[in-house]
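Engineer: Have a look at this one.
Read-outs: derived from the displayed coordinates by stated rules, not from any lab. Keep in mind it's a predicted model, so treat the numbers as computed, not measured. Every residue, glycine as well, gets a Cβ built from its backbone with ideal geometry; the counts of neighbours run over all protein chains shown.
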Amino acid sequence: MRVIVVRHGPAESRDPRRWPDDDHRPLSREGRRETRDAANGLAAIEREVRFVLTSPASRARATAEIVRECLGIKRNCLPWSELAPGSAAAEALARLAEDIPARSTVVLVGHEPQLGELVGLALTGDAVSLTRLGKAGAAAVSFPRAIRPGAATLDWRLDRKALARLAKRR
């Protein structure tokens, strides 16, 4: 399995008066544009994605929809509570192993620090962040055999500006 983790795009500033529940905070207008540019870059290097799984938070769901559209995926994005802010990386990895068919390429859209910890868990077996993904940044890991902690290899890691440059080369 190949797993591409994407941090949600740039969102509106935290404002408890406008969004008492931070999970409802949306992407900013500029964040939508930057996320689309990054997602187009992702589409330039990843063509075999079957599923887009997302945190239920608004900013992550909006990012996932943009990624799905740019990748040309017909299936709806699937919300996973295991990708919600504050969830443990091990929960998402365990659900991947249980619910996603082998030999699939999937995109997980979520939050920091969980995504960095998920990459660390996949590579080393410890849920320690080895990388910090910037907003709309992404990394890809591959599991050549079983999906389990410490069994993956890092394929690439790119920030949103590098992804956007890839889109321009297309």
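Engineer: Please say if the chain is rounded, prolate or oblate, where rounded means a/c under 1.5 for a ≥ b ≥ c the square roots of the C-alpha gyration tensor eigenvalues, and otherwise the choice is prolate for a/b larger than b/c and oblate otherwise?
Structural biologist: Because a/c hits 1.5 or more and a/b fails to exceed b/c, the chain counts as oblate.
Engineer: Rank by packing, highest mean first: peptides 80-87, 56-63, with packing defined as the count of other Cβ atoms within 10 Å averaged across residues.
Structural biologist: Ranked from most to least packed, the peptides come out as 56-63, 80-87.
Engineer: Hey, how many Å between the Cα centroid of the range 115-170 and the Cα centroid of the range 47-95?
Structural biologist: A separation of 15 Å, based on Cα centres.
Engineer: Further question: Tell me which of 144, 129, 115 sits at the most positive position along the dipole axis of the range 43-154, charges placed on C-beta atoms (Lys, Arg +1; Asp, Glu -1).
Structural biologist: Ranked along the dipole, the leading option is 144.
Engineer: Do you know the relative contact order of the chain, to the nearest whole percent, from alpha carbon pairs under 8 angstrom that are 6+ apart?
Structural biologist: Rounded, it is 31 percent for the chain.
Engineer: So how strong a dipole does the range 2-169 carry about its Cα centre when Lys and Arg Cβ are +1 and Asp and Glu Cβ are -1, to the nearest 20 debye?
Structural biologist: Rounded to the nearest 20 debye, it is 700 debye.
Engineer: Between residue 21 and residue 102, what is the label-to-label distance in nm when each label sits 7 Å out along the Cα-to-Cβ direction?
Structural biologist: 3.9 nm
Engineer: Count the DSSP beta bridges whose two residues both fall in the chain, then state the antiparallel fraction as a percent rounded to the nearest 5.
Structural biologist: Taking every DSSP beta bridge with both residues in the chain, the antiparallel ones total about 45 percent.
Engineer: Now for a separate question. Given springs between every Cα pair under 10 Å in a Gaussian network model of the chain, which of 68, 36, 18 has the largest fluctuation?
Structural biologist: Maximum among the listed residues: 18.
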